[in-house]
Amino acid sequence: MEIGIQGYQELTVTDNLLACNVGSGSVAVYATPMMIAGIEGTAAGSVAPYLPEGKTTVGTQMNVSHVAATPAGMKVHFETKLIEIAPNGKILTFQVAAFDEAGLIGEGTHQRAIVDKERFEAKAQSKKS
């Protein structure tokens with residue numbers, strides 16, 4: 001894995017992605033949590049092919065501004081770029097942005113940690129005991 005890996009994903013905003021339908025507000029526009037999920041998925045997908053067997057990434061930090069509203073029916077796309085790998089090799093920092101057909105709607109940074117998938121899930125499940 002190396003700095004510079006880029007990700008791209010596109011979707012069309014549907015009613016189930018609107019703030020008024022996901023509990024993040026009362027307006028009929030693309031919800032901030034759904035934009036963040038799109039950014040996370042794009043970043044995770046961009047580095048997945050470079051991870052060893054059994055490893056995955058989990059989101060640890062999101063610092064994103066949602067700067068413009070998008071109505072249902074518009075296309076949105078996400079762009080991510082890996083800009084830093086921590087010295088221990090386990091923390092990845094991405095420059096991220098989201099756009100609709102009219103321009104920029106969100107931007108910022110996002111961090112993901114590389115984890116062992118089975119061990120991570122087992123630790124989470126152990127909280128129920």
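Tabulated results
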quantity: Pairwise centroid distance, computed over Cα atoms, of segment 27-65 with segment 90-115, Å; calculated: 8 Å
quantity: Contour minus Cα-Cα distance for R119 and K55 (0.36 nm per residue); calculated: 22.1 nm
quantity: Using a Förster distance of 30 Å, the FRET efficiency for K90-K128 (Cβ separation, nearest 0.05); calculated: 0.70
quantity: 222 nm mean residue ellipticity, helices alone, for the chain (DSSP H n ≥ 4; -39,500 (n - 2.57); rounded to 500); calculated: -7000 deg cm²/dmol
quantity: Calculated Rg and Dmax of the chain using C-alpha coordinates, Å; calculated: 15.9, 50
quantity: Sequence-separation-based contact order of the chain, relative, with Cα cut under 8 Å and 6+ spacing, percent; calculated: 28 percent
quantity: Entries in K90/K123; K55/K127; K75/K117; K90/K128; K81/K117 that, when Cα-Cα distance is taken, lie over 29 Å; calculated: K75/K117
quantity: Fraction of alpha-carbon pairs over 13 Å apart in segment 16-77 - percent; calculated: 67 percent
quantity: Within the accessible area of the chain (1.4 Å probe), percent carbon and sulfur; calculated: 50 percent
quantity: Å² of accessible area per residue within the chain, as computed with a 1.4 Å probe and no ligands counted; calculated: 58 Å²
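The values are calculated or read from the model by the stated rules, or taken from the named source; none is laboratory data. Just so you know, these numbers come straight off a predicted model, no measurement behind them. We place every Cβ from the backbone using ideal geometry, glycine too, and count neighbours over all the protein chains shown. To get the accessible areas, we keep the full protein, side chains included, count just its heavy atoms, and leave off ligands, DNA and RNA. Shrake-Rupley method; radii C 1.70, N 1.55, O 1.52, S 1.80 Å.
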